[in-house]
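In what follows, a structure is listed as structure tokens, so that the remarks can point back to it.
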Amino acid sequence: MTILNKVISGEKITPPPIWLMRQAGRYLPEYRKVRSESGSFLNLCYSPKLASEVTLQPIDRFDFDAAIIFADILLIVENLGFNLHFNEKKGPVIENCLINQKQIIKYQKIKNSPLLKIGETVSLTRKKLEKNKSLIGFCGAPWTVATYIINGGTTTSYEKCIQWAHDNYEYFMEMINLLVEISSEYLIMQIEAGADIIKIFDTWSGVLNENDFNDWVIIPTHKIVQNIKTKYPHIKIIGFPKNCGYLYEDYIKKTSVDAVAVDPDLDMLYCKNTLQKLTVIQGNISPEVLRIGGDTMKKDIIKTLDTFGDYSFIMGLGHGVLKDTPVNNVLEFVDIVRKYKRI
Ligand code: CP3
């Protein structure tokens, strides 16, 4: 069993395993090289050899305990008939913003689509990755992916998005249900190609009230978890309902995920006294603190390890590595964690 799987199964390991969200990315010169040769971010995602190479770059450099497949949560929108591209300045752009004009949703099975390339990246990477390291497959949670589809890219007003979802409820729920189906299919494909842990990213879950959170975050996520566990009960699933505050408790109890990633805004003692009693947590150094480095980072790491070390814990960030993070800070981060001893 990999170290990460042991911890998610409830084993306490000191020092804890480490991996970071966006550990492969623009802060690494070797990533920037492959990325510029690939022509575009999407080309890179759909080139299994190159995507596998960048997936492994942070493992070679920092010896993290897990690799996360290099891809993006938004690739899947093309299977529902929406065109996606990435703009250097604006980030993701989905043509046909639904707020302006509704579009009939199509449904293209994973097995007939370019997403099969991601499966090839998974199997190529699994062959090269050490046996005791995990390979994390992932998807975006339906609500978060839907916000990009509704708005045609990163949303500037979530209120508008939520209002649109209520005003077009039937259409919206059809989209959420299709996202549940296709995401489950996609994750099962990644598992069959060699992913041994799954992470579900719900970056925008924190903008919803309790009712919408239940209907659009908890219920769809629970369905995805059930679809996976019915087929592969041993596969561990990490949920990331970012910024949802005290709703983390409901999320843990009702979705049946095996672990949650927590964001840096969450109170540490709440995480320790409440969430760690319910599940395994991963977190939650702020990406800004990693970028600053030095004593600020060291203090935060030690405090985090002291606080969460009584239970099984995964060390990481509350969100993705920022692109101007010095590589040396990441080296130091890993070094501090690996040298940590519990008194
Ligand atoms: O974590 C990893 O190392 C694995 C790969 C990964 C990427 N995106 C690569 C990426 C993962 C797991 C994601 C998830 C993702 N993508 C999320 C959920 C997590 C989060 O960050 O909140 C979201 C919301 C997206 C959508 C997305 N992708 C946005 C908004 C952007 C533009 C902003 C940015 O950082 O550039 C992307 C682009 C993206 N996804 C990049 C990478 C490495 C940068 C693209 C580049 O190299 O040009």
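The values are calculated or read from the model by the stated rules, or taken from the named source; none is laboratory data. Note that the structure is a prediction, hence the values are computed from the model and not measured. Glycine also receives a Cβ, built like all others from the backbone with ideal geometry; neighbour counts cover every protein chain displayed. The protein model used for the area step is the full one, side chains on, heavy atoms only, and it has no ligands, DNA or RNA in it. Shrake-Rupley method; radii C 1.70, N 1.55, O 1.52, S 1.80 Å.
Residues in segment 312-337 that are within 10 Å of L20 (Cβ to Cβ) and small (G, A, S): G316, G320. Take the conditions (1) touching a strand residue (DSSP E or B) at 6+ places or on another chain (Cβ under 9 Å); (2) within 23 Å of Y169 (Cβ to Cβ); D196 misses just one of them, which is (2).
Would you please list the contacts, defined by Cβ atoms under 6 Å and residues six or more apart or on different chains, that run from a residue in segment 298-313 that is under 15 Å from N329 (Cβ atoms) to a residue that is open to solvent by less than 80 Å² (accessible area, probe 1.4 Å) and among the β-branched types (V, I, T)? Close Cβ pairs (under 6 Å, with a partner that is open to solvent by less than 80 Å² (accessible area, probe 1.4 Å) and among the β-branched types (V, I, T)) amount to K298/I336; D300/I285; D300/V289; I301/I336. Exactly one residue out of D306, D265 is within 22 Å of D202 (Cα to Cα) and of a type outside the set (G, A, S), and it is D265. Among the residues of segment 307-343, those identified as open to solvent by 30 Å² or more (accessible area, probe 1.4 Å) and either at positive phi or touching a helix residue (DSSP H, G or I) at 6+ places or on another chain (Cβ under 6 Å) (or both) are Y311, H319, L322. Among strands (runs of 3 or more DSSP E) entirely within segment 220-332, having at least 3 residues that are over 29 Å from M175 (Cβ atoms) singles out 280-285, 313-317. Every listed requirement among (1) buried (at least 18 other Cβ atoms within 10 Å of the Cβ); (2) at pLDDT 95 or above; (3) more than 15 Å from the ligand (Cβ to nearest atom) is met by E120 save one, (1). Per the listing V330, V289, V321, V280, the residue uniquely in contact (Cβ under 8 Å) with a residue 40 or more places away in the chain and away from the ligand (no atom under 15 Å from the Cβ) is V280. Just one of the listed residues (V122, V180) is under 21 Å from A261 (Cβ atoms), in a helix (DSSP H, G or I) and in contact with a Pro (Cβ under 6 Å, 6 or more places away or on another chain), and it is V180. When the residues of segment 104-117 are filtered to those that are among the charged types (D, E, K, R) and within 23 Å of the chain's Cα centre (by Cα), the one that is modelled with the lowest pLDDT is K111.
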